[in-house]
């Protein structure tokens, strides 16, 4: 029997068969993927084949994972030398952020895009909670919209309180499989509940002590939308790190950099100190965002520092 993984709890996976029946399943043995060390070898969105357990009429065993058209993977927040699947086989990703409560970490959007670019998964940046933005926030929003729309990303502005952008979001989600993710506390669950009230997801919370978001979604789960399509809701993200990436992985996944990198003098140009670098020239000319470039440099430095001992095990 073949079905789609619609919920992952770490040890059990809910698989929805083609007839709509949902079967709790487990795995036996190990599933390997591209030699990556994974905390969860199966992702929500995976198409799998299962067989029923002997003596267990309502439980199954996952036998095979069908080839994935794409996937989104991040460094495990608990085991830094392992990776964690967010989802697979998605049509698009909604990155939910807000400029206030909690304040946006300026590098977060670019970090997230590094995860979606390898498979060219369309990423839509949603600035939520616009009903509480100040005049200065809207000025920053306008600048950020200009940066990301210029390089081909769709940007939306939403509020679950006053209804801003809700109809546009619904139309964007219709008939698509969409991964919905973002920093903890950005109002992701409240926004989803406004789009699809029958889901009644627990709302994101802000810690009064720290002013930061707290997790409310515990496991990744796929939900059907009444107007067509599915969303995959994921736990809020506090930090994003990339122990599994190298410098050129970062360089290749800033797409406006990659588009003109063949104009650099050196094929392996990292766009830092090399002479005749097309990216540095574009930054100086204003053709590439200085903010994006600064975030890029910070990511390169972090990847090099974090991964140094991994690359020099013989030292």
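The values are calculated or read from the model by the stated rules, or taken from the named source; none is laboratory data. Because the structure is a prediction, the values reported are computed rather than measured. Glycine gets a Cβ as well: all are built from the backbone with ideal geometry, and neighbour counts include every protein chain shown.
Let me spell it out: the conditions are (1) under 23 Å from residue 147 (Cα atoms); (2) exposed (fewer than 14 other Cβ atoms within 10 Å of the Cβ); (3) at pLDDT 95 or above, and residue 301 meets all of them except one. Which number is the exception?
Unmet condition: (3).
Restricting to the stretch 118-158, give me the number of residues that are at pLDDT 95 or above, closer than 26 Å to residue 85 by Cα and part of a helix (DSSP H, G or I).
Result for the stretch 118-158: 1.
Kindly indicate the residue of the stretch 101-134 that is closer than 18 Å to residue 150 by Cα and more than 12 Å from the chain's Cα centre (by Cα) and also surrounded by the fewest Cβ atoms within 10 Å (Cβ to Cβ) among those meeting that condition.
It comes out as 120.
Being touching a strand residue (DSSP E or B) at 6+ places or on another chain (Cβ under 8 Å), outside the structural domain of residue 46 (by TED's automatic domain parsing) and at positive phi is the requirement here; does residue 89 meet it?
Details: touching a strand residue (DSSP E or B) at 6+ places or on another chain (Cβ under 8 Å): yes; outside the structural domain of residue 46 (by TED's automatic domain parsing): yes; at positive phi: yes.
Judged against the criteria, residue 89 is a match.
Of the conditions (1) more than 27 Å from residue 39 (Cβ to Cβ); (2) touching a helix residue (DSSP H, G or I) at 6+ places or on another chain (Cβ under 7 Å); (3) surrounded by 15 or more Cβ atoms within 10 Å (Cβ to Cβ), residue 290 satisfies every one except a single condition; which number is it?
Failing condition for residue 290: (3).
Checking residue 27 against (1) at pLDDT below 90; (2) within 19 Å of the chain's Cα centre (by Cα), which test does it fail?
(2)
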